[in-house]
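Structure, as structure tokens:
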Amino acid sequence: MTKARTRWPRQRDAEVLTASGGTVAADRVNAMDLETCLSACAAHSTKLVASLDRRRVALAEALRNLLATHAATVPATSGSSPLPLLRRPAKVSSGSSLLLGDALMDPLLAVGDKALDCGYEDETKLALMVADTVLTQRKRSRAGWRLRARVLEAMGAESAAVAAYERHLELTEEDGFGVASKVAGLREGARLQAELVRRLAAGCPEAREFADRSVTDAWAQGLELHARGAWDEARPLLIGTLLGRIAADAPVREIQQTLTHYLGLLREEAGVAGGGSAPTAGRGASARAADPAELDELTALTTLYAEQRRVRMRGPVEDPTFGGVRWLTLGEFRNRIAGRSICLIANSKRVGNSSLGAEIDDYDLVVRFNSYRIDPAATGRRTDIHATIHKHGFNWDQHVDTRLIFGGISGDWKYSLRNRLVPGAQTYLGDESLRWPVRDIGRVSREAWPSIPTSGFNMLWLLDFLDVSPRLDLIGFDFYESGAYRLPAAMRLPITSVHEYTSEKAWVMERAQSVTDTRICLR
């Protein structure tokens with residue numbers, strides 16, 4: 001069962017709700033001790049029992065992992081309750097508070113991420129508590145600041161979210177998550193929204209008289225007048241409501257809802273298709289011919305509205321063609337690699353500690369993955385094909401001939417391309433026929449291969465399937481037995497547990513023609 005949703009009170013952009021229901025300033029971290037956060041996580045875990053929502057099921061699993069990790073890292077005292085986290089802990093001095101160790105850091109952040117993914121108010125508050133707990137003890141945590149920024153953005157506290165995102169950027173060397181683009185989009189969206197509201201207010205000066213009234217009463221009265229056909233009387237009330245929400249620093253989602261509804265009514269009055277409801281006889285297009293000047297203004301307002309929504313979602317795109325990139329289909333990619341020797345370079349310490357650079361650069365095509373790191377003597381200099389998962393943007397700014405971006409969900413994949421692709425950084429880009437090779441081309445079901453295939457395995461499987469390369473070698477592939485060798489910012493990311501490296505290794509070894517310490521030859 002799932003807990004019934006509750007409505008939050010309206011709050012200013014500078015304030016958000018805590019997990020205990022109070023408000024705190026969004027532009028500064030609310031001090032939170034680890035004991036209280038763990039207690040809240042344990043209590044929330046009990047609310048998710050038998051939930052049918054897959055997002056809450058994922059959160060429940062993350063909570064179980066967090067609590068199990070905590071139990072394994074903190075020895076139980078004699079006579080203590082086996083479920084101490086289900087009771088509210090007594091206040092303790094700062095010297096006796098639990099410290100957030102490395103073992104607990106990733107499981108705690110995973111809870112925050114999964115809670116935010118749920119999209120419900122209770123889980124969003126839990127995510128904020130997690131972010132504040134991390135930042136209370138680790139003020140320079142990049143992951144903590146990014147999580148807090150995402151939570152604030154979801155809550156509609158946009159200016160505070162921008163500040164948190166910028167703090168994240170100050171602490172990181174590689175913007176692998178496209179945060180700079182997100183910040184630019186939020187700023188540009190706010191600017192376009194302000195311009196839209198300014199034009200609405202300029203076109204109806206009397207609306208300011210209603211900005212100080214109760215937004216609920218003014219909006220209801222405006223809708224009633226509109227329903228009676230008194231648009232000239234309704235318009236100041238409706239725009240005044242919008243101005244009132246902005247003056248009160250209402251969450252962005254409330255302002256967007258008000259703008260959406262108002263522009264729908266405006267389109268209805270102008271008799272334009274796609275208005276808020278069907279035009280009523282006696283007004284709108286059926287009552288009078290549309291004024292060309294009004295239609296031009298409506299077009300300008302709609303354009304501003306659409307653009308501010310777009311840039312908030314994906315950031316500004318200066319070059320929609322991304323430098324004139326040429327899209328590759330599966331067949332075209334096959335033709336480009338046919339007859340050429342190919343080496344795939346692992347992001348492993350085995351490569352980083354080697355002296356194989358010159359040998360690597362002798363291949364016709366060099367394939368690298370995700371957050372690869374270049375050390376010419378060890379790894380070689382060239383990258384002809386960059387194969388990467390869509391979820392982060394490491395090395396997307398490095399120029400390559402071909403970039404293949406993998407992703408299991410089409411909508412998420414497209415969103416990442418629009419947000420993270422760098423114009424001019426690639427000549428060719430794989431289209432959707434190359435999005436998820438193992439599943440979409442090979443039709444390998446989850447029953448046959450339950451785990452999520454890595455970028456390396458997707459690429460290797462594709463090359464083996466096409467079977468047009470006279471030489472196909474894997475260099476440094478020890479499936480992370482020697483550890484990772486990646487960009488410094490990516491080195492701090494854990495080696496994910498969603499992949500099954502043992503199965504991928506077995507698949508490779510079944511097809512290997514020869515094997516050395518550094519090289520596996522498949523052809």
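The values are calculated or read from the model by the stated rules, or taken from the named source; none is laboratory data. Quick caveat: nothing in here was measured; it's all calculated off a predicted structure. Heads up, the Cβs are rebuilt from the backbone with ideal geometry, glycines too, and the neighbour counts pull from every protein chain shown. For accessibility, only protein heavy atoms count, side chains too; no ligands or nucleic acids. Shrake-Rupley method; radii C 1.70, N 1.55, O 1.52, S 1.80 Å.
In the range 438-459 there is at least one residue that is more than 27 Å from D106 (Cα to Cα), buried (at least 20 other Cβ atoms within 10 Å of the Cβ) and without any contact (Cβ under 8 Å) to a residue 60 or more places away in the chain. On the stretch given as the range 470-484, residues that are modelled with pLDDT under 95 and in a loop (DSSP other than H, G, I, E, B) total 8.
Within the range 439-461, which residues are β-branched (V, I, T) and either part of a loop (DSSP other than H, G, I, E, B) or under 19 Å from R368 (Cβ atoms) (or both)? Correct list: V444, I452, T454.
Inspection of the range 420-428 identifies no residue that is open to solvent by 20 Å² or more (accessible area, probe 1.4 Å), part of a helix (DSSP H, G or I) and among the aromatic types (F, W, Y). All of A300, A306 fail the test of being assigned to a helix (DSSP H, G or I), modelled with pLDDT of 90 or more and closer than 30 Å to A425 by Cα, apart from A306.
So Y372 fits all but one of (1) in contact (Cβ under 8 Å) with a residue 24 or more places away in the chain; (2) open to solvent by 10 Å² or more (accessible area, probe 1.4 Å); (3) under 31 Å from the mean Cα position of the chain (by Cα); (4) under 18 Å from R523 (Cβ atoms); what number is the exception? Against the list (1) in contact (Cβ under 8 Å) with a residue 24 or more places away in the chain; (2) open to solvent by 10 Å² or more (accessible area, probe 1.4 Å); (3) under 31 Å from the mean Cα position of the chain (by Cα); (4) under 18 Å from R523 (Cβ atoms), Y372 comes up short only on (4).
Okay, residues lined up against (1) modelled with pLDDT under 95; (2) not charged (D, E, K, R):
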residue	(1), (2)
G393	yes, yes
L404	no, yes
G408	yes, yes
R418	yes, no
G424	yes, yes
G430	no, yes
S433	no, yes
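Residue pairs whose Cβ atoms lie under 8 Å apart, separated by 6 or more positions or on different chains, with the first residue in the range 22-41 and more than 28 Å from D249 (Cβ to Cβ) and the second part of a loop (DSSP other than H, G, I, E, B) and modelled with pLDDT of 90 or more, are L34/L100. G323 meets the conditions (1) on the phi < 0 side of the Ramachandran plot; (2) touching a Gly at 6+ places or on another chain (Cβ under 7 Å); (3) open to solvent by 40 Å² or more (accessible area, probe 1.4 Å) in every case but one. The failed one is (1).
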